[in-house]
Each structure stands twice: as structure tokens, then as C-alpha cells.
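Every read-out reported here was derived from the displayed coordinates using simple, explicitly stated rules and does not represent laboratory data. Just so it is clear, the model here is predicted, and its values are computed rather than measured. Ideal geometry is used to build each Cβ from the backbone, glycine not excepted, and the neighbour counts take in all protein chains shown.
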Amino acid sequence: MGREVVIGSDHGGYELKEYIKEYLVDSGYSVKDFGTYNSNPVDYPDIAKELGEYVVEKNLEGILICGAGIGMSIAANKITGIRAALCYNNYIAKLSKLHNHANILCLGGRLIGKELAKEIVDVWLNTGFSKEERHVRRISKIE
């Protein structure tokens, strides 16, 4: 298996999560799913917390999806060591990793289509942190 990526969603992101999870597995990634496992209503902060703590503990990258992506982003960013970025296009996805060293990608399952989401995931997973002094300095001020 390829590198591990963790993924989670609430009910508003469930359909897109399942699509992205299948795409990642087909692309050779090892995927750990933190739920939810159906479209029944759940509380997004619970999933963001469990996934975010795992990302920090294992030094991995994660993807969180809710209806708009905003709730997951807010909840995940409460966890020390998480830099969650709500991305809605490829350019933002690239900058979130290159300049901000984002370790969680947040998506709005009700706001973007599956193909765009797949492109954003590809860009995000395949962009590294620039490690330029100015970006390293700025990230260190967040932690």
C-alpha cells in the first residue's frame, strides 16, 4: 500500500467522502476512515477531534468533509498541531500546503462537485511545504 491518508465526514459530507475514499484507494493510498458511515445526522466536532488527534499523533495528512467545510475547519483547528485548510479550488489547495503546511484538507461536500474535489485532493496531496525561512518562521508562530 501507498502512504496513509485519513478521512472523515459528517452526514453533509458523507457522499463526497465515500467518493474520495474510493478514489484514494484506487490510486494506491492506504485510507483510514473515521466515519461517519452513513447519511444519518452526526456532530462534526466529534469526527474532527478524533481524526485531528490521530493526524497529530501519527504525523499524517487528513481530509475532513462537511456540508460547507467550515465547521470541520473550525473544529479541527482547535487541536494543537493541526493546520486545517478549507479549500475550494486547486490554487488554494496548493498554497495551503506550500505556504501554510496544512495537514488537514477540509472540503464542502454540498458546495463542490466530485471531479473538482478529486482535483483538489490530488493537488493537495502532491504539494509539499516550501520550507522557505519565511514560511517556517510563520508556521512556528502558530504552534
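Across region 66-80, computed HN-Hα scalar couplings (Karplus, 6.51 cos²θ - 1.76 cosθ + 1.60, θ = phi - 60°) run 9, x, 10, x, 6, x, 4, 4, 4, 5, 5, 6, 6, 8, 4 Hz from first to last residue, x flagging Gly and Pro.
Less than 5 angstrom separates the built amide H of Ser30 from those of Gly2, Arg3, Glu4, Val5, all sequence-distant by 5 or more or on a different chain. With n ≥ 4 as the cut-off for DSSP H runs, can you work out [θ] at 222 nm for the chain, using -39500 (n - 2.57) per run divided by the number of residues, rounded to the nearest 500? After summing the helix terms and dividing by residue count, I get -14000 deg cm²/dmol. Across region 92-107, the residues whose backbone nitrogen lies under 17 Å from the label position 7 Å along the beta-carbon direction of Arg137 are 99-101. With contacts taken as Cα pairs under 8 Å at a separation of at least 6 residues, the chain carries a relative contact order of 24 percent. Pairwise inverse Cα distances across the chain, averaged and inverted, put the Kirkwood hydrodynamic radius at 14.7 Å.
If packing is taken as the mean number of other Cβ atoms within 10 Å per residue, what is the order of 19-27, 116-124, 68-76, 38-46, highest first?
The peptides rank, most packed first, as 68-76, 116-124, 19-27, 38-46.
Derived scalar couplings between HN and Hα for region 41-55 equal x, 9, 8, 4, x, 5, 6, 4, 5, 4, 5, x, 5, 5, 4 Hz in order, rounded to whole Hz, by the Karplus curve 6.51 cos²θ - 1.76 cosθ + 1.60 (θ = phi - 60°), x for Gly and Pro.
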